[in-house]
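All remarks here apply to the structure that follows.
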C-alpha cells in the first residue's frame, strides 16, 4: 500500500492510504459533477420561465436512471468513513482529538458556506453541520453502536422519505461504523463478501429501476427513485471494488485516483466552473442537457490530468491543504521534496 507522510505536529507520522478509496472518491466526484452540473447551470430553465412547454429529454432521463440519487449516498458514506479515519489518527496524535475534529468540521462548514456564493445547493455546508451533530456518537459510542445507529437511521430515512436530506445522518454514521469495522480493507481486497453483495445488488437493480419508473421524473423526489439510487450505489461501489482486483485496476487508478486525492478541491473547482457557464453561454434556453453533460465529462478529464500533475509536486490539493491547516492549527507539509 502507498503511504503519505503527514506532518501534524513536531514529528511526522506515516498513515496508510487506501488507494481504492481514493479511486472510489474520484469516481464519486465524477458522478456528483454530473448530478450537480444540470442544477448549477439551470439547463432549459429560462425557456420554461418564458412559457415554453416541458420537452422530453433522453439525456436527462438517462441521468435520472444512472446518476441522480446514485452518487450522493456514495459521497456521504465516504465522508463518514473519512470522519472515523481522521478521528482514529487524531487519537494517536493529539491530546484532545475531539477538538481536532470540531475544527475540521467547522472548517468544512466554512468552506461550504463560502461555496454558497457560487453554488447555493452545495453539500459541504450540510455535511459540516451534520458531521458536528453526529461527532459525539462517533467520538464516544462503541463502534457497534455507531454502525447500528447508522443502519437503523438509513433504513428509516429511505423507507419513510426515500432518502434525501434525511438520509445524511444515518449514512454518515454508517460510513464511520463501517470504517471502524474494516470496510476500507475489505473493499481494497474485495473478497467473497464483496462479490456476494454485488450479486445481490445486481439482482435488485432491475426491479428497483422498474419501480422507479412508476413515478417518472427526478428520482430525488420519490421514494422508489431514492431506493433505486441506493441499490445502484451499492452496485457501483462493489462493482468497482471487484474491477479493482483485475487488470482494470490500472485504468481505474489512472482515471480516478488523482481526482480522489484532491476530491475537495475538484468538487469546489467543478462547482465554480459550472457556475460560470451561464455567464458565457445561453444554457437556459437549451432543450437538452447533452451539452452540459459533455462539458462535465471534459472538465473531469481536465481535472484528472491537472490533479495528477499537481500531486507530483504537492502532497495535497490547495483546498485540502487549507482544510488540514485549519484542522491542526498549524501548516502541514505541502510541497513534496
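Where a number appears in this text, it was derived from the coordinates with a stated rule and is not lab data. Just so you know, these numbers come straight off a predicted model, no measurement behind them. Here Cβ is always computed from backbone atoms with ideal geometry, including for glycine, and neighbour counts include all displayed protein chains.
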Counting only backbone N atoms under 15 Å from a point 7 Å out along Cα-to-Cβ of residue 46, the residues of the range 252-278 in range are 275-278
Projected convex hull area of the chain, Cα atoms, direction-averaged, in nm², equals 17.2 nm²
Two pseudo-spin positions, 7 Å from Cα along C-beta at residue 117 and at residue 203, lie apart in nanometres by 5.3 nm
Helix 248-261 sits off the longest principal axis of the Cα atoms of the chain, rounded to the nearest 10 on a 0 to 90 degree scale, by 80 degrees
Taking Cα atoms, the helix 168-180 axis meets the longest principal axis of the chain at an angle in degrees (rounded to 10) of 40 degrees
Inter-part gap, Cα centre of the range 177-212 to Cα centre of the range 287-317, in whole angstrom, is 28 Å
P(r) of the range 60-152 over all Cα-Cα pairs, 10 Å bins starting at 0, rounded to whole percent, reads 15, 40, 31, 12, 2, 0
Under the rule rounded for a/c under 1.5, else prolate if a/b exceeds b/c, else oblate, using alpha carbon gyration tensor axes a ≥ b ≥ c, the range 99-164 is classed as oblate
Taking Cα atoms, the helix 192-212 axis meets the longest principal axis of the chain at an angle in degrees (rounded to 10) of 30 degrees
Under the rule rounded for a/c under 1.5, else prolate if a/b exceeds b/c, else oblate, using alpha carbon gyration tensor axes a ≥ b ≥ c, the range 132-248 is classed as oblate
With the 8 Å Cα cutoff and a minimum separation of six or more residues, the range 293-337 has a relative contact order in percent of 35 percent
By the mean-Cβ-within-10 Å protection proxy, highest first, 179-187, 243-251 rank as 179-187, 243-251
Extension length gain for residue 166 and residue 336 (0.36 nm per residue less Cα distance), in nm, is 57.1 nm
Rounded to the nearest 500, the 222 nm mean residue ellipticity computed for the chain from DSSP H runs (n ≥ 4, each -39500 (n - 2.57)) alone is -24000 deg cm²/dmol
Highest mean packing first, using Cβ neighbours within 10 angstrom, the peptides 300-311, 34-45 sort as 34-45, 300-311
D (µm²/s, integer) via Stokes-Einstein for the range 249-329, Kirkwood Rh across alpha-carbon pairs, 25 °C, 0.890 mPa s: value 173 µm²/s
The relative contact order of the chain, taking Cα pairs under 8 Å that sit 6 or more residues apart, comes to a percentage of 30 percent
